[in-house]
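A.B. asks: I'd like to ask some things about the structure below.
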Amino acid sequence: MREGNGRNPAAGNSFDGVAPWLWRLDPWAHRSMQPGKSLSPSEESLRRRLSSGQVSPGAQHELEYLIFKTETYISHLQTIRAFLGGFIAYDAAFRAKQKKDEKQMLDQFDMCEFLFSETRDQVLKTVKQLAASAFVEDPTEKYLLFRYNVRFVLPIEQFGKFIKNVVNFHHGQPYWERVDWGLIAPCRTGDRPCDARLRREV
C-alpha cells in the first residue's frame with residue numbers, strides 16, 4: 001500500500017491543483033448541483049407508489065424487497081450528490097486561487113470539506129441501511145454489501161482525509177494526516193494490475 005501525507009503519488013503536487021487526468025467535471029455535474037435541482041420529487045413519487053400496497057396476493061415479500069432496494073438507491077444517490085458537490089467546491093476553490101481571491105478560495109475549501117464530510121456520513125448511513133436489512137443474509141446482498149464497503153466506504157473515508165489535508169494546508173494548519181491512496185485508486189498508484197477485467201469493475 002502506498003501512503004503519504006495526503007498527496008497522491010501519481011498526481012504530482014495536488015495541493016496546488018489537480019492533474020488533468022484526474023479532473024473531468026462534465027457540465028451535467030454542475031447542472032445537477034444548481035439551486036432547485038433535487039432528488040426530492042422523485043423520492044416522494046417512488047415512496048408514494050411503493051407505499052400504496054397495491055400488490056397481488058402472495059407478493060408482499062417482493063414488494064418489501066423492492067422498497068428496500070429503492071430506499072437504498074435513494075440513499076446512494078444522495079451520497080453521489082454530496083460527493084459531486086464536494087468536487088465542484090474543490091474546483092471553485094482552485095479557480096478562486098488562480099484569480100488571487102483568497103476569501104473566495106477559503107470559503108470554497110470550507111464548503112468542500114463540509115460536503116465531503118456529508119458524503120462520508122451519507123455513505124455510512126447507506127451501508128448501515130444495507131447491513132440492517134432483513135435481506136442481508138441473501139448471498140447476493142451480502143456480496144453487494146462487501147463491494148459497497150470496498151468501493152465506496154473505504155475510499156471515501158480516505159479521500160476525506162486528503163481533502164482535510166488540502167483545506168488545512170491553505171488555512172495554514174497541520175496537513176499531514178496519512179492517506180492510503182491504495183484504497184482510493186489502486187490502479188492509478190500501481191498497488192494492483194489495472195487490466196481490462198479490473199477496469200470493468202472500477
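A.B. asks: Assess whether Gly53 counts as being of a type in the set (Gly, Ala, Ser) and either at pLDDT 90 or above or loosely packed, with under 14 Cβ neighbours inside 10 Å (or both).
C.D. replies: yes
A.B. asks: Against the definition (farther than 25 Å from Glu64 by Cα, surrounded by fewer than 19 Cβ atoms within 10 Å (Cβ to Cβ) and at pLDDT 95 or above), how does Phe169 come out, yes or no?
C.D. replies: Criteria not met by Phe169.
A.B. asks: When region 115-143 is examined, which residues are found to be aromatic (Phe, Trp, Tyr) and within 25 Å of Ala89 (Cα to Cα)?
C.D. replies: Correct list: Phe116 only.
A.B. asks: On to the next question. Does region 107-121 include one or more residues that are of a type in the set (A, V, I, L, M) and at pLDDT 95 or above?
C.D. replies: There is at least one residue in region 107-121 that is of a type in the set (A, V, I, L, M) and at pLDDT 95 or above.
A.B. asks: Follow-up question, since we're still on this one. Just name the residue that is surrounded by the most Cβ atoms within 10 Å (Cβ to Cβ) out of those in region 97-144 that are aliphatic (A, V, I, L, M) and within 16 Å of the chain's Cα centre (by Cα).
C.D. replies: Val123
A.B. asks: Which condition does Leu63 not pass, out of (1) under 17 Å from the mean Cα position of the chain (by Cα); (2) surrounded by 15 or more Cβ atoms within 10 Å (Cβ to Cβ), if it passes all the others?
C.D. replies: (1)
A.B. asks: Ile67: farther than 26 Å from His171 by Cβ, at pLDDT 90 or above, part of a helix (DSSP H, G or I) and out of contact with any strand residue (DSSP E or B) (no Cβ under 8 Å at 6 or more places or on another chain), yes or no?
C.D. replies: Here the answer is no, as Ile67 does not meet what is asked.
The values are calculated or read from the model by the stated rules, or taken from the named source; none is laboratory data. Since the model is a prediction, treat every value here as computed from it, not as a measurement. Counting neighbours? That spans all protein chains shown, and the Cβs are built from the backbone with ideal geometry, glycine included.
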